[in-house]
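Only one structure is covered here, and it is reproduced in the block below.
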Amino acid sequence: MELADLERWQAIFDNYSDLEEFDPETFACEPFVNTLINTTIAFVYSLVCILAVTGNMIVIIVILYNRRMISSTDIYLLHLAVADLLFSVTLPFWAVDAISGWVFGDAMCKIISLLQEINFYSGILLLACISVDRYLSIVYSTQTHKRKRPFRIKLFCAAVWMLAIVLSLPILYKGEYAPLDVSRTICYEILDGESAETWRVTTRFLRHFIGFLIPLAVMIFCYSATIWKLCQTKGFQKQKAMKVIIAVVLAFLICWLPNNITVFVDTLMRSGFIDYACGSRNHIDRALIGTQILGFLHCCINPILYAFIGVKFRNKLLKLLATRGIIKRSEESHYQRSTSSTSGLTSSTI
């Protein structure tokens, strides 16, 4: 998921945007990216930004409004919403970049890239923390887990942010760059020497393992054990809890698995484990664009999966809306009565 690589190819093809003049023999190894594609990317980034900012702001407001009743999961959800919110505010910069190149300067290139990378890592790691929290709550007794001090949970969240910052430091190699014979400036990794490609491949593999494979393994283990426990639990509402958990895993896989597979294949090609071929190179470059957009959509889905489909969150949201006079209290009371029988098991799930 390298924005810089996509920008580099987009910059090269700014001067070859006419399909009739495109010569596949001459430019066989250079993927075709025209103005329409760039405009579409900018539109999608802008739309994702609007949806993610709106959804995650609502999550933050609702959780902070009910801070006296905050649980361990709420703390993780709050930090996850902040991570997705910070991730989403970087998208307008890349939307502008897709249209006119990088126009924000070298310092902003480093800041935006670092901010995006930090929140990529923190978001993935927080999802893993939530899966562990649900595992402990459901498999090892909810009442025992609820006694855990909020300070300890906040300490875990702080550790996640610190780890995300450390893992993101290599992105500072990015900077404002103006390639020769290209009319636009790009935000790209500035690496020189024979070790440049080795460094890029090494950081890529680190990203694969810590930024995807390890959190995914944690999520699969925790949610598998949780589902097994729920299957052994008698009660009508266990199916609702299972649906939420399954949705969590599927959303994560659908959004990030295609991109990580594509980036992994690209990494193998860069490292020489896969023979470099112009046709394969072009397919990988196109796949990087599509799967990256799919991955970015995950910051929009999080508020829905981790909050809006949960009975506990909806009750809190309706209470806030009723307090502010946006809805009638009678409507809130009617909904509270209709969901009171489901609040036990379902409220202990995301």
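Every read-out reported here was derived from the displayed coordinates using simple, explicitly stated rules and does not represent laboratory data. Note that the structure is predicted; figures quoted are calculated from it, not measured. Cβ atoms come from the backbone with ideal geometry, glycine included; neighbour counts cover every protein chain shown.
Of note:
- FRET efficiency for the residue 191 to residue 232 pair, using the beta carbon distance and R₀ = 51 Å, is estimated at 0.45.
- Residue 273/residue 183 FRET efficiency (R0 30 Å; Cβ-Cβ; nearest 0.05): 0.30
- Distance between the stretch 99-132 and the stretch 267-301 - C-alpha centres, whole angstrom: 19 Å
- Contour excess over end-to-end distance, with Cα ends at residue 68 and residue 261 and 0.36 nm allotted per residue: 65.2 nm
- Of the trypsin sites (Lys or Arg not before Pro) found in the stretch 43-148, those that fall in a DSSP loop while having at most 15 other beta-carbon atoms within 10 Å are 147, 148.
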